[in-house]
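Just below is one structure, and these are the notes that go with it.
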Amino acid sequence: MSLMGSIFICRSHLSENRPPSTCSFFFLIILLVQLPFLSLTTAQASHCRTTCGDIPIKYPFGIDDGCGSPYYRHILVCSDSGKLELRTPSGRYPVRNVSYSERHILLTDPFMWNCQDTDKFRPTRPFSLDTSTHFSLSPQNEYLFFNCSEDDVIIQPKPIFCEHFPDRCDSSCDSASYLCRHLPQCPSALSGSTSCCSYYPKATESLRLMLKYCASYTSVYWKDIGSPQPYDQVPEYGIKVDFDIPVTTRCLQCQDRVKGGGTCGFNTQTQNFLCLCEERNVTTNCQDHSVSGHNRRVGVIAGTVTAVSAAGALGVVGGVWYLKKVRAKAPVTCGVQSNENRLF
């Protein structure tokens with residue numbers, strides 16, 4: 001039954017002096033039943049987006065479910081304003097850049113200290129990564145901690161301290177850090193009474209403990225600028241996160257332009273590999289006509305269709321119950337809930 005047909009039936013019911021609420025629920029039932037098919041049509045016409053703002057989205061990442069590698073599913077989010085964000089257990093962080101050749105993502109943590117804060121330290125929270133993913137903190141990051149308690153944190157010049165206590169070297173926060181003495185972009189932002197030390201936490205729990213006894217912290221990474229050594233790197237604020245690219249033969253064959261130039265993806269139900277083509281999805285490549293194709297983006301839309309279908313079924317059951325109730329009793333005053341017309 002079409003939506004126009006349901007409207008015609010509603011008009012017929014109104015002409016027979018049937019309650020208006022009956023017509024409204026009847027129309028709602030038809031809409032809920034047909035909504036899955038409308039969603040299906042829309043999803044089949046969509047493709048994997050290749051950009052978010054001015055940042056390219058390539059394998060292994062995807063911002064549409066079913067695109068890219070399942071290892072990075074639901075990790076990257078493209079906001080309505082076109083801003084790319086990385087989702088982690090500690091929150092969502094703006095992505096400044098993605099390097100597929102060097103395999104790293106550059107993040108900004110708005111909760112970290114910056115030059116504008118000077119000695120006014122804001123409440124912060126520790127950055128963390130999901131250890132089950134293929135992400136890892138780059139060794140090019142350095143963390144600077146400010147105004148730490150000397151009773152709880154070992155704050156010592158690291159070269160000298162490590163010579164005397166080699167077994168405790170990794171636990172010390174280096175007060176002789178080059179970055180503490182040369183803060184990027186604002187070397188004089190901190191007053192002389194503010195202490196600073198450098199420490200690389202090997203686990204999220206270590207970072208939490210440090211922030212428990214320190215006023216704030218920030219992350220600095222070393223950026224390659226292509227100059228001759230030793231001036232080939234400069235410090236900049238941000239968090240560099242390394243990632244792996246799961247390379248499979250099927251994905252390489254799928255991406256091969258000679259074989260159709262498909263997009264590597266996966267079935268959202270089984271997470272099995274799919275080669276996403278213009279007209280169909282296959283398990284090999286877009287030029288392989290010996291295998292039967294899947295509906296366009298079937299893996300991507302399966303969850304949506306199931307959810308909407310369930311909503312439609314609930315709407316039908318609730319509508320039938322309500323129609324029986326309306327026919328059995330005359331409606332009471334509109335907007336007034338009583339024992340006769342309450343729904344729950």
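The values are calculated or read from the model by the stated rules, or taken from the named source; none is laboratory data. Small disclaimer: the values here were computed from a predicted structure and weren't measured. All Cβ positions, glycine included, derive from the backbone under ideal geometry; neighbour counts span all protein chains shown. Please note that ligands, DNA and RNA were not included when accessible areas were found on the heavy atoms of the full protein model with its side chains. Shrake-Rupley method; radii C 1.70, N 1.55, O 1.52, S 1.80 Å.
Working note: Karplus 6.51/-1.76/1.60 with θ = phi - 60° gives the stretch 246-257 the couplings x, 9, 10, 5, 5, 5, 5, 5, 5, 7, 4, 4 Hz, where Gly and Pro are set to x. Work out the FRET efficiency for residue 163 and residue 114 from their Cβ-Cβ distance, taking R0 = 30 Å, and round it to the nearest 0.05. Once rounded, the FRET efficiency stands at 0.30.
For the stretch 103-250, carbon and sulfur atoms together expose 51% of the accessible surface, with a 1.4 angstrom probe and every protein chain in place. Around the amide H of residue 173, modelled in the peptide plane, lie the amide H atoms of 154, 155, 156, all under 5 Å away and 5 or more residues distant in sequence or on another chain. Its residue count N sets the reference 2.2 N^0.38 Å, and the alpha-carbon radius of gyration of the stretch 144-219 equals 1.06 times that reference.
In this structure the amide hydrogen of residue 223, modeled in the peptide plane, comes within under 5 Å of the amide hydrogens of 234, 236, none closer than 5 places in sequence on its chain. Think of a 1.4 Å ball rolled over the protein heavy atoms: the stretch 110-248 then has 55 Å² of accessible area per residue.
Applying the Karplus relation 6.51 cos²θ - 1.76 cosθ + 1.60 with θ = phi - 60° to the stretch 205-215 yields 3J(HN,Hα) values of 5, 5, 5, 4, 5, 5, 5, 5, 10, 10, 6 Hz, where x marks Gly and Pro. Would you please classify the overall shape of the stretch 96-182 from the alpha carbon gyration tensor, given that a ≥ b ≥ c denote the square roots of the eigenvalues, rounded means a/c under 1.5, and beyond that prolate means a/b larger than b/c while oblate covers the rest? Here the stretch 96-182 falls in the oblate category. If R0 is taken as 30 Å, the Cβ-Cβ distance between residue 229 and residue 51 corresponds to a FRET efficiency of 0.30. Look at where the Cα atoms of the stretch 145-198 and of the stretch 81-111 average out, and the two centres are 28 Å apart.
As a ratio to 2.2 N^0.38 Å, the alpha-carbon radius of gyration computed for the stretch 121-268 takes the value 1.38.
Here the label points at residue 129 and residue 213, each 7 Å from Cα along the C-beta direction, are separated by 2.6 nm in the simple model. Karplus-derived 3J(HN,Hα) values for the stretch 52-59, using 6.51 cos²θ - 1.76 cosθ + 1.60 with θ = phi - 60°, are 9, x, 9, 9, x, 10, 10, 4 Hz; glycine and proline are entered as x. In a DSSP loop and with at most 16 other Cβ atoms within 10 Å, the GluC sites (Glu not before Pro) in the stretch 80-162 are 102, 150. Loop-located trypsin sites (Lys or Arg not before Pro) in the stretch 151-259 (DSSP state not H, G, I, E or B) with no more than 10 neighbouring Cβ atoms inside 10 Å: 202.
A cut-off of 5 Å between modelled amide H atoms, ignoring neighbours fewer than 5 places along the same chain, links residue 268 with 299, 300.
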